[in-house]
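Worksheet: the structure to be examined is printed underneath.
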Amino acid sequence: MPRPSPHERLEKAAEVLRVVAHPVRLGILEILENGEKNVTEICQQLGAAQAYISQQLTLLKARGVLASRKDGAQVFYRIAFPAVLKIIHCVCAQQEGFEASADEPIDTKDHDRSQDKEDPSHGRRNTQHQ
């Protein structure tokens with residue numbers, strides 16, 4: 001089987017990001033991060049109707065984010081693509097950092113001075129050829 005082209009890989013990544021970029025689906029992933037759950041447990045934790053949650057689970061499963069198994073009449077779901085949690089954690093951490101810094105006053109003078117100490121070129125590229 002040939003490897004997907006870079007464009008195909010990016011399309012797949014965008015598809016996964018689109019499917020998880022929904023508050024209810026993010027909630028489902030957060031619940032399943034602690035292990036597999038059946039539909040009833042997910043519905044109870046989210047406080048949503050089973051038909052609606054089942055639709056969301058079907059979307060996540062169709063995109064390869066979730067996997068399921070049947071045990072009698074119950075269907076249990078688990079995260080099939082754990083790397084998606086890294087993305088979600090990264091976005092959440094960035095948002096938490098943004099919210100925390102929104103309360104702090106911005107002092108551009110101090111920021112500029114600390115940047116000067118770290119980068120004596122002040123962010124400029126050296127365009128001279130040696």
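Give just the number: which of (1) more than 16 Å from A80 (Cβ to Cβ); (2) within 16 Å of the chain's Cα centre (by Cα); (3) acidic (D, E) does E33 not satisfy?
(1)
Go through the range 45-77 and give me each residue that's under 15 Å from N34 (Cα atoms) and either outside the structural domain of I31 (by TED's automatic domain parsing) or assigned to a helix (DSSP H, G or I) (or both).
Q45, L46
Just checking, how many residues over the range 24-44 are among the charged types (D, E, K, R) and not in a helix (DSSP H, G or I)?
Here the count works out to 3.
Quick one: is L46 at pLDDT 95 or above and in contact with a strand residue (DSSP E or B) (Cβ under 9 Å, 6 or more places away or on another chain)? Walk me through how you get there before you give the answer.
Numbers: at pLDDT 95 or above: yes; in contact with a strand residue (DSSP E or B) (Cβ under 9 Å, 6 or more places away or on another chain): no.
Against the criterion (at pLDDT 95 or above and in contact with a strand residue (DSSP E or B) (Cβ under 9 Å, 6 or more places away or on another chain)), L46 does not qualify.
The values are calculated or read from the model by the stated rules, or taken from the named source; none is laboratory data. What you see is a predicted model; the values in this text were computed from it and never measured. Note that each Cβ is placed from the backbone with ideal geometry, even for glycine, and that neighbours are counted across all protein chains shown.
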